[in-house]
Amino acid sequence: MDTAITEKEGIAALATLPGDDVRQIMWRFADRFDLQMAVQSTRATARGTVARLVADGARMSHEWTEQKGRLLTAFDESGVTSVFMDPEDGGYIEGPKNTAMALIAFELAWVDGGAATTSLAVNLALAPIQVKGTAEQKRTYMGRCVPPQPGEERTVSRGAFCLTEPLPYVGVDTGVLAGKARVVEWKEGEEPILQVDKRGRFTTNMDFANFVVAAVESDDERIKSSCLVVLEEGDPGIFDRGTPTHKLVHQLSSTCDPIFSKQVPASRIVGGYTVEDGVIVPKYSHSQVLESVFAKTRIPVGAMTAAKLLSAVEPVIRYQRSRFRGGEGAPGTPRFELGLQMKEDVLHRLVEVWATGEACASLAFATARHFDEFEAIEKSQEEFFAAEGIHGARAQMRMRGQLQKRALEYLKLAAKPEAKRDQARFKELEGDRLVAFLIGESVASVLSPATKLWNTGHGATVMREAVSLMGGYGITEDCPGFLGQKWMDAQLEATYEGPEAVQRRQLIITMTNELFLAQFRDWIREMREIAGRRPGTGACNLASAMELWQWTLKHLQKAKDADGKPIYRDKRQGATFPMADALCWLLAARYQILDALELEDKGADNPVLSEALPGLVQFFADLCHVQAARAAGEVGRICAELVFGYNRHPAWDKEGCETCYTADDLESLEAIMPGISVSARGMSDVIERDGSHPNKAGPCVSFAGMGTFKRLRGRLDGCLTGAQLAKDRAAHALTEVMIPEALDYPA
Ligand SMILES: Cc1cc2nc3c(=O)[nH]c(=O)nc-3n(C[C@H](O)[C@H](O)[C@H](O)COP(=O)(O)OP(=O)(O)OC[C@H]3O[C@@H](n4cnc5c(N)ncnc54)[C@H](O)[C@@H]3O)c2cc1C
């Protein structure tokens, strides 16, 4: 093999691809038997029914066919459908289910993203009812959507979620609703009857949905603002499912442009309503419900792209190794045994695909876990507001303002050593559930959009790399692991539930919350500490990149461009959006490192892993290092572009600048590019060997104060030390790791 392994001696080898024991530790469900069972049964469905459907060409049609309908039965029978429900509604998983949903999406998308979407979309319809519905609504719809138990005489009900409308109405901007609700009948002492008119665009599950949760605005002075409302198939009026969308992707999900014109009782308003001065006041506007729903439902979508990237590893290795088998190569020769793996580039590219997949998965599951933990705190916040009689958005905002100060105080104390802080005050704040809520919320509102944005967006780009590694085969239907379809499908995952612009818009606000930034600073400290004991993970590089990002954000928030206009403003997406992207790189790399360390810490307790553990730990650390370096490079580029890019380039012949060549620079350039010093001199001054600047006025104004940036950037670049060696080691591991004889689902 051509790859130069400089530190091969004494490096533990990766024996096999990581299995369930490894994943359960890294993604923290080793003690959750219920989740492990859910993974196993979902996997059997994915690699059985779903894989057969794809292999049999079910993706070749836009229509929802009887053949595709088998998916729904398979989900019901394997328990996938009821994972979402609480045990009292017929489900079998206690407590929050964000990790459960992410694992299910991961397993299904390992084979096909459309199948995963079909399962997620039923839950997307139920989610508004689950998070904001009345007790009666929850009981009714959850109960109907649970598959019947043996002996029960009923058919299972399925839902669709209808927000997006035909152009030019709702898309990225969810405020411009064309769907309307009016009062058609309101008899004294009885429930008002609403006329609901809504047209949908791209509504998933529409071919078979029995009910639809639709976003509508009031078209009547007797209804306030907007709401989500449940429309049932059997309600009086029109329930036109519409024609199937001619999708290029996700053909194992049903998508149509439906039309509804229905009369429904006002009790179908999600979350209920009150009557104030003869006006129906929905408890929640449509946007209030959407906020809570999407925060959670976007997480499994991020897990889907992670699964695709990781699922590519095994088929690509198999393809590479068998590429030159036959012909002249005989068993035992490098050409026969390694095939394409003799070439460094294919190995390095696969390492990058794998590292990205790990980072995506780590970010998605960390986000899911955070939401699981946060759910209980969120509930106590609602109870507190109710108990204190704090109703209405304004009153709650005021209360939050006071709480924010306490939360910041708590974080400041928490960052200090125990001996140096007011321990009594610290304990008091630590026990405050509302402080905990605000702190948890500040992280949640960053992690959810970050997972959706980075995993699906960047993941789709990297999926293309995986496809390219299979050569022409990659873009055929016969490609093992269905990689071509997964690549195309990834673009839809980056689009639905809000494309990248939606996530970036949220991030640029939530990432500037002081509560988040205070925690971010702690995470920098944490990475430096990890770098001290585990330098091979790239933690040092990541910490430097995190510092650079935070410095740049603060700088941009104050800075003005060459025309004196503020740079970091809502409307200047060219400045704000890239900073959101940069943050996502950092978050993903951070969680990847934390997961690798978790494996190292807890893996030793697992007897099944003991022998393989050193090789796994080494390999995952190398992947972390590769990813951290990639993240640092990306963050460095983005920050440098923004910090310098809004200034005008100085006139070289007049002003000179801090970046003038030194005499040493010119000597070095001259050595490799004879004659260069003449042209360089023409553009720029040369700082004298004694350091004095020929421009007496000093460095040019545009770059004044950038010394800190340059030092931070220089530190970041210096911290790349070892990253390429890590990539070489990981690449070498790919040539030796054992893989099964054949893929475990049909091609
Ligand atoms: C197969 C499929 C299934 C779907 N399933 C459902 C479903 O079940 N229910 C449902 O309600 N919807 C569904 N959708 C709709 C999906 O959520 C929307 O397509 C998506 O939110 C984007 O809306 P849009 O297509 O109108 O894009 P637009 O709003 O037209 O946006 C197009 C692009 O313009 C840019 N852009 C727009 N606004 C801004 C801005 N403010 N700032 C910066 N850039 C901006 C972005 O690059 C964006 O990607 C589905 C879509 C597809 C394709």
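Looking across region 694-747 at every residue that is modelled with pLDDT of 75 or more and among the basic types (Lys, Arg), the one that is surrounded by the fewest Cβ atoms within 10 Å (Cβ to Cβ) is identified as Arg711. Here Leu586 meets the list (1) open to solvent by less than 20 Å² (accessible area, probe 1.4 Å); (2) closer than 18 Å to Gly722 by Cα almost entirely, failing just condition (2).
Output yes when any residue across region 181-199 is within 13 Å of the ligand (Cβ to nearest atom), within 31 Å of the chain's Cα centre (by Cα) and over 23 Å from Lys97 (Cβ atoms), and no when none is. Yes, some residue in region 181-199 is within 13 Å of the ligand (Cβ to nearest atom), within 31 Å of the chain's Cα centre (by Cα) and over 23 Å from Lys97 (Cβ atoms).
Within region 260-280, if we keep just the residues that are among the β-branched types (Val, Ile, Thr) and without any contact (Cβ under 8 Å) to a residue 24 or more places away in the chain, the residue that is surrounded by the most Cβ atoms within 10 Å (Cβ to Cβ) turns out to be Val275.
Quick check on Gly636: is it more than 26 Å from Gln24 (Cα to Cα) and part of a helix (DSSP H, G or I)? So Gly636 passes the test. Can you spot a residue in region 280-289 that is assigned to a helix (DSSP H, G or I), among the hydrophobic types (A, V, I, L, M, F, W, C) and within 14 Å of the ligand (Cβ to nearest atom)? Checked region 280-289: at least one residue is assigned to a helix (DSSP H, G or I), among the hydrophobic types (A, V, I, L, M, F, W, C) and within 14 Å of the ligand (Cβ to nearest atom).
Exactly one residue out of Glu344, Glu328 is farther than 30 Å from Glu493 by Cβ, at pLDDT 95 or above and not small (Gly, Ala, Ser): that is Glu344.
Cβ separations smaller than 6 Å between residues 6+ apart or across chains give the following pairs from region 584-607 residues that are over 25 Å from Val446 (Cβ atoms) to residues that are surrounded by fewer than 24 Cβ atoms within 10 Å (Cβ to Cβ) and modelled with pLDDT under 95: Gly603/Leu609.
When region 133-170 is filtered for residues that are open to solvent by less than 20 Å² (accessible area, probe 1.4 Å), β-branched (Val, Ile, Thr) and away from the ligand (no atom under 16 Å from the Cβ), only Val146 remains. From the list Arg47, Arg59, Arg52, the lone residue that is surrounded by fewer than 23 Cβ atoms within 10 Å (Cβ to Cβ), part of a helix (DSSP H, G or I) and within 16 Å of the ligand (Cβ to nearest atom) is Arg59. Does Arg504 satisfy the criteria of being in contact (Cβ under 8 Å) with a residue 12 or more places away in the chain, open to solvent by 10 Å² or more (accessible area, probe 1.4 Å) and within 16 Å of the ligand (Cβ to nearest atom)? Taking the combined requirement at face value, the residue satisfies it.
Go through the residues of region 403-412 one by one and say whether even a single one is out of contact with any helix residue (DSSP H, G or I) (no Cβ under 7 Å at 6 or more places or on another chain) and within 16 Å of the ligand (Cβ to nearest atom). No, region 403-412 has no match at all. Here region 89-110 is the region considered, the condition is being open to solvent by 30 Å² or more (accessible area, probe 1.4 Å) and of a type in the set (Gly, Ala, Ser), and the residue that is nearest to the chain's Cα centre (by Cα) is Gly95. Scanning region 205-254 for residues that are within 11 Å of the ligand (Cβ to nearest atom) and without any contact (Cβ under 8 Å) to a residue 60 or more places away in the chain yields Met206, Ala214. Taking region 603-620, which residues are of a type in the set (Val, Ile, Thr) and crowded, with 20+ Cβ neighbours inside 10 Å? If the condition is that a residue be of a type in the set (Val, Ile, Thr) and crowded, with 20+ Cβ neighbours inside 10 Å, then Val617 is the only one that fits.
Evaluating Ala460 against the criteria (1) modelled with pLDDT of 95 or more; (2) over 15 Å from the mean Cα position of the chain (by Cα); (3) within 30 Å of Leu347 (Cβ to Cβ) leaves one unmet condition, (2).
Residue count for region 510-539 satisfying the condition of being open to solvent by 50 Å² or more (accessible area, probe 1.4 Å) and touching a residue at least 60 places away in the same chain (Cβ under 8 Å): 5. Restricting to region 628-648, what's the tally of residues that are closer than 22 Å to Met527 by Cα and among the hydrophobic types (A, V, I, L, M, F, W, C)? The number of residues fulfilling the criteria is 7. Residue count for region 232-259, restricted to those that are in contact with a strand residue (DSSP E or B) (Cβ under 9 Å, 6 or more places away or on another chain), open to solvent by less than 50 Å² (accessible area, probe 1.4 Å) and either under 24 Å from Lys187 (Cβ atoms) or not aromatic (Phe, Trp, Tyr) (or both): 12. Here are some residues: Asn205, Asn210. Which one is within 19 Å of Cys145 (Cα to Cα), open to solvent by 40 Å² or more (accessible area, probe 1.4 Å) and out of contact with any Pro (no Cβ under 8 Å at 6 or more places or on another chain)? Selected residue: Asn210, the only one of Asn205, Asn210 that is within 19 Å of Cys145 (Cα to Cα), open to solvent by 40 Å² or more (accessible area, probe 1.4 Å) and out of contact with any Pro (no Cβ under 8 Å at 6 or more places or on another chain).
When you scan region 118-127, do you find a residue that is surrounded by fewer than 19 Cβ atoms within 10 Å (Cβ to Cβ) and modelled with pLDDT of 95 or more, even just one? Within region 118-127, not a single residue is surrounded by fewer than 19 Cβ atoms within 10 Å (Cβ to Cβ) and modelled with pLDDT of 95 or more.
The values are calculated or read from the model by the stated rules, or taken from the named source; none is laboratory data. Fair warning: this is a prediction, and the values are worked out from it, not measured in the lab. Methodologically, a virtual Cβ is constructed for each residue, glycine included, from the backbone with ideal geometry; neighbour enumeration extends over all protein chains shown. With ligands, DNA and RNA removed, areas are computed over all heavy atoms of the protein, side chains included. Shrake-Rupley method; radii C 1.70, N 1.55, O 1.52, S 1.80 Å.
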